[in-house]
Amino acid sequence: MNITREDVLRVADLAYLDLSESELETYRKQIDDVLEYIGKLNELDTANVEPMAQVLADDQTADATLRDDIVVPCRVAPEILKQAPDPEPPYFRVPKVIER
Amino acid sequence: MPTNQSITAVREALKARKISARELARDYYQRIGARNPELNAYLTLSEDRAYAQADRVDTLVAAGGPLPLLAGVPMAVKDVISTRGVRTTCGSKILENYIPPYDATAVERLEAAGAIILGKTNCDEFAMGSSNENSAYGPVRNPEAPDRVPGGSSGGSAAAVAAGLAVVSLGTDTGGSIRQPGAFCGIPAMMPSYGRVSRYGLIAFASSLDRIGPFANNVRDVATVLQIIAGRDANDSTSTTAAVPDYAAAIDKSVKGLRIGIPKEYFGAGMDPEVRKKVEAGIELFRKLGCEVREIRMPHTDYAIAVYYIIATAEASSNLARYDGVRYGLRVDGDSLLSMYRKTRGTGFGAEVKRRIVLGTYVLSAGYYDAYYLKGQKVRSLIAQDFRDAFAKVDALVTPTSPVPAFKLGERTADPLEMYLADIYTVTGSLAGVPGISVPCGKICGKLPVGLQIFGPPFGEGRALQLAHAFEQAGGATV
């Protein structure tokens with residue numbers, strides 16, 4: 001077994017994800033199968049291989065992709081707040097975080 | 001009006017005043033009204049926006065001046081691409097009522113070129129899936145065979161064009177999500193190079209893989225749409241400053257003497273024998289066109305699915321952290337902030353999305369990062385090197401798009417791993433960043449389309465389109 005019930009619970013906790021009992025066991029089994037399959041990567045010796053951190057990086061120099069940091073007006077707050085489940089303009093309201 | 005139109009046909013009809021842009025849009029909405037209840041290709045129709053744009057086009061036509069490239073062309077946009085004022089759900093309950101405050105750059109450019117956005121198309125939730133069965137709003141049916149899937153994740157965009165409910169459409173491709181549904185629905189579909197098309201306004205799934213690209217009824221229309229959406233965008237730092245070539249000019253060039261590589265690894269076990277026959281007939285057609293066909297090796301192909309499901313899920317787990325019930329989308333109340341987060345995400349996301357968040361969080365978590373994520377990034381380097389080595393020897397690669405034709409609804413939903421393996425020939429190019437196009441390559445059992453995939457070198461869209469166009473013109477769709 002590659003992944004235990006406790007692992008799934010720990011990870012779901014890290015991801016702030018509520019899972020039901022049945023989801024927990026179904027996902028554990030399915031993810032276990034996927035990890036088993038992923039295990040085939042161990043057939044390859046990658047000790048001297050650099051990880052790929054950029055896609056098609058040769059083509060993108062820092063000069064080409066970085067721009068000057070200029071402040072421009074952006075008056076979208078009212079429209080954005082309209083999409084919030086519980087807005088209190090100009091704020092997003094959330095359940096109480098700090099107990100007095 | 002014929003069912004399947006081209007950009008040229010729309011242009012000529014408008015110029016000859018045979019139809020107005022408004023009448024054309026209305027025709028398409030009537031067709032959608034008749035066909036969509038069965039196909040479920042569209043999730044949201046943007047009629048007000050479409051008619052307002054049609055009226056602008058009709059004003060241009062009346063003035064008799066030059067028309068922009070896509071004047072009056074009815075199009076569909078995958079529901080993971082932001083449209084100002086038009087609901088954008090990502091196929092998820094968590095964004096059921098989300099209305100973006102801005103347009104994606106690709107959408108803005110297409111509208112500026114005169115396109116008429118009819119609506120938003122169904123897809124797997126957050127583009128995670130290969131059959132469109134992971135949509136929270138029900139599956140899409142394949143117009144060629146309604147008991148079968150249209151492919152995914154851009155199933156709605158593929159089905160809309162194939163069924164004549166749009167002339168062109170936009171999809172997104174992370175591991176095959178444009179090319180595979182293009183193959184399943186029997187239409188050309190292209191994933192451009194990483195960095196070729198701005199992703200500003202694309203709701204992110206896996207940022208080192210996600211790309212926007214077109215579906216159309218013919219390769220020329222794919223080239224035209226790509227021409228408009230390609231190029232640097234200051235709002236997307238991953239979009240390249242490399243010049244955009246003239247794709248329309250590229251596609252008419254002769255393919256004689258071009259070297260085509262056939263990677264042996266793409267014809268292995270698990271491939272439907274009928275699909276193999278069609279793709280081999282397609283390769284024979286390239287020989288007849290004067291291409292030099294060579295067998296080559298890409299030794300790390302067989303590891304691509306394993307790498308993909310590490311990297312794509314890791315990036316997804318990070319990108320989808322934003323759905324927290326605070327700024328947009330669903331909120332399910334809880335007795336604390338953390339409980340609100342957990343309930344919102346547990347309720348709002350569907351099964352495949354939750355599975356991928358769990359897997360992605362796991363491969364990134366302390367103690368497992370080196371064994372999975374780092375290992376995956378290293379093997380990704382080897383896969384990209386396979387492509388560099390291949391393009392040192394040949395001008396393009398030809399492979400099947402998918403090992404199987406469109407499968408039946410429900411046939412593969414029980415086993416996620418089996419579904420993942422359907423992407424075996426497409427994820428390689430996604431990981432390497434190269435462009436790929438799927439073109440129709442005959443039908444099996446008289447009705448199920450087969451797709452032939454052409455990979456070009458980085459930013460070699462013109463080369464891939466040129467070969468795809470020659471293949472199409474030589475009768476590739478009926479090999």
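FYI, it's all coordinate maths here, none of it is from the lab. Quick caveat, the model's predicted, so the values are computed rather than measured. Ideal geometry is used to build each Cβ from the backbone, glycine not excepted, and the neighbour counts take in all protein chains shown.
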Given an 8 Å cut-off on Cα distances and at least 6 residues of separation, report the relative contact order of chain B as a percent. 17 percent
Please average, across the residues of B:424-437, the number of beta carbons from any other chain that are within 10 Å of each residue's own beta carbon, and give a whole number. 1
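What does DSSP give for region B:7-251 in terms of the percent of beta bridges that are antiparallel, rounded to the nearest 5? Before the final figure, lay out the partial values.
Details: 14 of 22 bridges.
Beta bridges within region B:7-251, antiparallel portion: roughly 65 percent.
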Taking beta carbons within 10 Å but only from partner chains, what does the mean come to for residues B:203-210? 1
For the pair B:R26 and B:K264, how long in nm is the line joining their label points, each one 7 Å along Cα→Cβ? 6.2 nm
How large is ³J(HN,Hα) for each residue in region B:415-421, as worked out from phi by the Karplus curve 6.51 cos²θ - 1.76 cosθ + 1.60 (θ = phi - 60°), to whole Hz, x for Gly and Pro? 10, x, 4, 4, 5, 4, 5
Given +1 on the Cβ of Lys and Arg, -1 on the Cβ of Asp and Glu, and no further charges, what dipole in debye does chain A carry about its Cα centre, rounded to the nearest 20? 620 debye
Beta bridges per DSSP with both ends in chain B, % antiparallel, nearest 5: 65 percent
Starting from the Cα gyration tensor of region B:7-251, take the square roots of the eigenvalues, sort them a ≥ b ≥ c, and report rounded, prolate or oblate (rounded when a/c is under 1.5, otherwise prolate if a/b is larger than b/c, else oblate). rounded
First check a/c for region B:365-422, with a ≥ b ≥ c the square roots of the eigenvalues of its C-alpha gyration tensor; if it is under 1.5, answer rounded, and if not, answer prolate when a/b is larger than b/c or oblate otherwise. oblate
In terms of the charge dipole of the protein assembly as shown, which places +1 on Lys and Arg and -1 on Asp and Glu at the beta carbon, the residue among B:A160, B:F267, B:G325 farthest towards the positive end is B:A160
Could you state the principal axis extents of the C-alpha atoms in chain B, from the largest down, to the nearest angstrom? 65, 53, 44
So how strong a dipole does chain B carry about its Cα centre when Lys and Arg Cβ are +1 and Asp and Glu Cβ are -1, to the nearest 20 debye? 340 debye
Which percent of Cα-Cα pairs in the protein assembly as shown sits in each 20 Å bin, short to long? 22, 57, 21, 1
Rounded to the nearest 500, what is the 222 nm mean residue ellipticity of chain B from helices alone, with -39500 (n - 2.57) per DSSP H run of 4+ residues and division by all residues? -11500 deg cm²/dmol
Return the lysines within reach of A:K40: Cα separation strictly under 30 angstrom, same-chain partners fewer than 8 residues apart disregarded; answer none if there are no such residues. A:K29, B:K264, B:K277, B:K354, B:K375, B:K378, B:K393, B:K408
Cα lying deepest toward the dipole's positive end in chain B, options B:L465, B:I94, B:Q180, charges on Cβ: B:L465
Given a cut-off of under 8 Å on Cα pairs at least six residues apart, what relative contact order in percent is computed for chain A? 16 percent
Could you work out, residue by residue across B:344-355, how many beta carbons of other chains sit within 10 Å of that residue's beta carbon, and then give the average as an integer? 3
Apply the a/c threshold of 1.5 to the C-alpha gyration tensor of region B:324-479 and tell me whether it is rounded, prolate or oblate. prolate
Going from the fewest other Cβ atoms within 10 Å to the most, one would list B:Y420, B:Y362, B:Y341, A:Y91 as A:Y91, B:Y420, B:Y341, B:Y362
Sequence-distant residues sharing a close amide H with B:A230 (under 5 Å, placed H): none
Euclidean distance of C-alpha centroids, region B:65-126 and region B:242-314, integer Å: 31 Å
Inverse mean reciprocal Cα-Cα distance (Kirkwood Rh) of region B:62-148, Å: 14.3 Å
Quickly work out the B:A16-to-B:D389 label distance, labels modelled 7 Å from Cα along the C-beta direction, and quote it in nm with one decimal. 5.4 nm
Hey, in the GNM for chain A with a 10 angstrom Cα cutoff, which one of A:I38, A:I80, A:I70 fluctuates hardest? A:I80
Please rank B:H300, B:H469, fewest neighbouring Cβ atoms within 10 Å first, as an exposure proxy. B:H300, B:H469
Arranged from highest to lowest average of other beta-carbon atoms within 10 Å per residue, in what order do the peptides B:25-34, B:379-388, B:145-154 appear? B:145-154, B:379-388, B:25-34
Roughly how big is the protein assembly as shown's charge dipole about its Cα centre, with Cβ charges of +1 (Lys, Arg) and -1 (Asp, Glu), in debye to the nearest 20? 1260 debye
